[in-house]
Amino acid sequence: MMKKIFALASVSTLAGLVSAAAAAGCSSNDESKGSASDGGPAPTQTRDGGDDTEGREPGRGRDDAPSCMETKAIDMTQFPYARAKRAANACTTQELGELSAYFRNTAQQSQDIVISDWAKTVSEGCAACVFSDGRGAEWTPILTKDNKLDDVNRGGCIEIASGKEVCGRAYQHVAECRLEACANTCDTAEGFTQCLGKVTEIFSGPCDAAYKALERDCGADLPKYEEACRGTTFTFEGPVRAQCITGGAAQ
């Protein structure tokens, strides 16, 4: 569905899990509060799909409408993960810009994101590093299914930044769990966006186990990893840079 596809890539809804949780008072780690960046301005100019929930009563969104959030615990083991693929110099900074431009222009026109067309905006080597179906031993930054965007491997960049595969896996699990908590139960784009903003309820409710694993496996330096993986406009930009431009080398 289009609402989920755009959320997968849009900084305005997903980037900065730590900053979202800290702003809502969810994290128990004081060092993380307010530390992570959401990656800069996005088309809606809204931080993290709901960072402005700080100070609201638990269970309240931007209005008093009933929440469509999943209430049952979500099993994070259902979400797969593979170690991050690294290929230094597979892409150039200019090619990263081309990838972003394609997504922005296509999304603004409410057109389908066709992977075969998207891949043609860059060289074959770059496309091979950026796109894959997620069935290999290593994951690329963008995962595809049936020639469409299926997922953004933000955990891969976190894995590289932290030097810990377990941290990257935990981060990807939380990102997936947050989407899962809203995508299947919210019928409208507005409800979906409001649901994503309920970070306190999500991370202490259906994604409680996933979020606790994230805090345990990534530790107090997680905001630094998020900062290293931030994008300018879209969430895939940080992973593409880390995996396909620098290949994990210091930037």
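In sequence order, the stretch 111-124 has phi-based couplings of 9, 5, 7, 9, 4, 4, 6, 4, 5, 6, 6, 10, 5, 4 Hz under the Karplus curve 6.51 cos²θ - 1.76 cosθ + 1.60, θ = phi - 60°, and Gly or Pro positions carry x. Averaged over its residues, the stretch 82-136 has an accessible area of 54 Å² per residue, based on protein heavy atoms and a 1.4 Å probe.
Hey, if you drop one equal point scatterer on each alpha-carbon of the stretch 106-251 and run the Debye formula without solvent, what base-10 log of I(q)/I(0) do you get at q = 0.09, 0.13, 0.19 Å⁻¹? Calculated log10 I(q)/I(0) at the listed q: -0.30, -0.64, -1.27.
In this structure the stretch 177-251 gives 35 Å² per residue of accessible area when probed at 1.4 Å with all protein chains present. For the stretch 99-251, the carbon plus sulfur part of the accessible surface works out to 45%, probe radius 1.4 Å.
Classify the stretch 168-251 from the C-alpha gyration tensor, please: rounded if a/c falls under 1.5, else prolate or oblate depending on whether a/b exceeds b/c. Oblate, since a/c reaches 1.5 and b/c is not below a/b. Between the amide H of Asp150 and those of Leu143, Thr144, Lys145, distances stay under 5 Å, these residues lying 5 or more places away or on another chain, with hydrogens modeled in the peptide plane. Scalar couplings 3J(HN,Hα) for the stretch 191-196, obtained by applying the Karplus form with A = 6.51, B = -1.76, C = 1.60 to θ = phi - 60°, are x, 4, 5, 5, 4, 4 Hz; x denotes Gly and Pro. Modelled spin labels at Asp117 and Val166, positioned 7 Å past Cα toward Cβ, are 4.4 nm from each other.
The 3J(HN,Hα) values that the Karplus relation (6.51, -1.76, 1.60; θ = phi - 60°) gives for the stretch 92-104 are, in residue order, 9, 4, 5, 5, 4, x, 5, 4, 5, 5, 4, 5, 4 Hz. Gly and Pro appear as x. From the square roots a ≥ b ≥ c of the eigenvalues of the alpha-carbon gyration tensor of the stretch 211-251, which class results: rounded (a/c under 1.5), prolate (a/b over b/c), or oblate? Prolate.
If you take the square roots of the eigenvalues of the alpha-carbon gyration tensor of the stretch 81-187 and sort them as a ≥ b ≥ c, do you get rounded (a/c under 1.5), prolate (a/b over b/c) or oblate? Oblate, since a/c reaches 1.5 and b/c is not below a/b.
The values are calculated or read from the model by the stated rules, or taken from the named source; none is laboratory data. A quick note: this is a predicted structure, and the numbers were derived from the prediction, not measured. As a convention, Cβ positions derive from the backbone with ideal geometry for all residues, glycine included, and neighbour counts pool all protein chains shown. Accessible surface is based on the protein model in full, side chains and every heavy atom, while ligands, DNA and RNA are left aside. Shrake-Rupley method; radii C 1.70, N 1.55, O 1.52, S 1.80 Å.
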